[in-house]
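First up is the structure itself, then whatever we jot down about it.
No value in this document is a laboratory result; all are computed from the given coordinates. Every value quoted in this text rests on a predicted model; they were computed, and no experiment measured them. Neighbour counts are summed over all protein chains in view; Cβ atoms, including those assigned to glycine, are modelled from backbone coordinates with ideal geometry.
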Amino acid sequence: MSSANVEDKKSDLKEQEDPCKSCSEKKGSSKCDNCPSAQSSADKAAKKAERDERIMKRLESIKYKIAIVSGKGGVGKSTITASLALNFSMMGYRVGVLDADVSGPNIPHLLGVEGHKLTGSELGIEPAMSRNGVKAVSSEMVLSTSDTPMLWRGPMRTTMVYQFIADVNWGSLDFLLVDLPPGTGDEPLSVMQMIPLDGIVIVSTSSNLSVLDVSKIINMARNLEVPILGLVENMSYLQCPDCDKQIRLFGENKVGQLSKHYGVDLIGQVPVDPQNSGVDELPADGRSLIVTSVRAIAEKIVSILKEKA
Ligand SMILES: Nc1ncnc2c1ncn2[C@@H]1O[C@H](COP(=O)(O)OP(=O)(O)OP(=O)(O)O)[C@@H](O)[C@H]1O
Ligand SMILES: [Mg+2]
Ligand SMILES: [Zn+2]
């Protein structure tokens with residue numbers, strides 16, 4: 001590589017690292033949370049107060065706010081989130097789902113509102129409504145096609161999550177469920193900091209369970225004083241169709257051990273559903289083993305929240 005080329009590459013990298021480049025605010029503007037050139041801490045504090053006030057007003061008419069988190073990816077957070085939403089709705093509660101997985105949105109598909117495009121009114125962003133009466137917003141609903149990959153940088157993803165928190169016209173809800181990407185990155189942190197959560201539900205499988213990953217989530221929640229409603233073990237067993245015996249797929253119940261170790265309740269175990277192809281919307285009418293199994297978890301959450309009240 002010639003030295004000119006190396007210089008080009010260097011300046012490319014520099015530009016990529018500059019978050020102001022993709023920001024619509026003036027460089028150094030106090031309107032941008034992530035601006036490295038932003039001004040005094042007084043400005044920042046004022047801005048944070050304004051933001052919190054706006055979020056408070058918006059979330060005032062929502063009774064319970066719960067985020068669904070995990071240490072590792074692909075353990076079934078989105079599936080459990082959508083199943084909880086369907087169950088709460090069937091139990092007669094008013095439910096909204098905020099899909100805070102900006103880079104990998106799955107909620108529209110699971111709730112059967114794929115392809116919906118968000119619209120705005122003077123009251124805010126209007127959520128989509130599933131046939132089961134669950135309201136939802138997702139980054140997928142602001143893109144042209146659902147197979148467009150989201151290559152946004154951290155600060156932009158955080159901005160979108162903030163807009164979903166501050167600007168969606170949910171109306172009155174009993175439950176707002178927030179589906180998150182795995183781990184302790186920007187989105188989980190922003191959601192735990194910005195939303196006064198009633199609690200988080202941690203989803204894990206007993207396969208390749210990384211105690212370290214789950215402990216990071218538990219520590220993050222405890223540091224931010226967010227209550228932990230409990231652990232859910234997903235894909236924990238397979239029910240034999242012949243004798244009803246429960247066959248554990250991933251050996252011993254490592255999620256149960258984790259629960260004891262950290263003093264966090266195990267609030268449910270969801271079996272593997274051999275019928276779940278992952279490509280269809282989750283049906284709410286008893287045809288989905290996952291959805292029917294999650295009913296007990298939904299009831300448990302209601303009783304935990306009522307006990308706390
Ligand atoms: N109990 C289950 N039985 C059968 N398949 C399941 C079960 N739970 C989840 N799945 C499937 O496992 C895959 C991962 O689930 P899902 O997308 O809900 O995980 P996730 O934790 O949200 O993933 P990500 O970390 O990518 O957001 C999907 O194909 C889903 O259909
Ligand atoms: Mg997911
Ligand atoms: Zn059997």
Under 5 Å, built H, 5+ apart or other chain: amide partners of residue 97: 135, 136, 137, 177
Want the number for residue 299 to residue 222: 0.36 nm per residue separation, take away the alpha-carbon distance, what's left? 25.3 nm
Tell me whether region 211-259 comes out rounded, prolate or oblate; compute the Cα gyration tensor, take square roots of the eigenvalues as a ≥ b ≥ c, and use a/c under 1.5 as the rounded threshold. prolate
Of all DSSP beta bridges in region 62-308, antiparallel share, percent nearest 5: 20
Apply the Karplus parameterisation 6.51 cos²θ - 1.76 cosθ + 1.60, with θ equal to phi minus 60°, to every residue of region 298-309 and state each ³J(HN,Hα) to the nearest whole Hz, in sequence, with x for glycine and proline. 4, 5, 4, 4, 4, 5, 4, 5, 5, 4, 6, 5
Quick one: grab the alpha carbon gyration tensor of region 49-172, order the square roots of its eigenvalues as a ≥ b ≥ c, and give me rounded if a/c is under 1.5, else prolate or oblate depending on whether a/b is larger than b/c. rounded
Using only the Cα atoms of region 201-297, each taken as one equal point scatterer with no solvent, compute I(q) by the Debye sum, divide by I(0), and report log10 of the ratio at q = 0.20, 0.22 Å⁻¹. -1.03, -1.15
What distance in nm separates the simple spin-label points at residue 57 and residue 153, each placed 7 Å from Cα in the Cβ direction? 3.1
Sites residue 49 and residue 91, calculated FRET efficiency, Cβ-Cβ separation with R0 45 Å, nearest 0.05: 0.75
For a protection proxy built on the mean count of beta-carbon atoms within 10 angstrom, sort 127-136, 55-64 highest first, please. 127-136, 55-64
For region 146-208, what is the convex hull volume of the alpha-carbon atoms per residue, in Å³? 149
Lys and Arg at +1, Asp and Glu at -1: neighbours of residue 116 with Cβ under 13 Å from its Cβ sum to -2
Averaging over every viewing direction, what projected area does the convex hull of the Cα atoms of region 62-308 cover, in nm²? 13.1
Modelled label reach - residue 246, point 7 Å along Cα→Cβ, region 179-208 residues with backbone N closer than 17 Å: 204-207
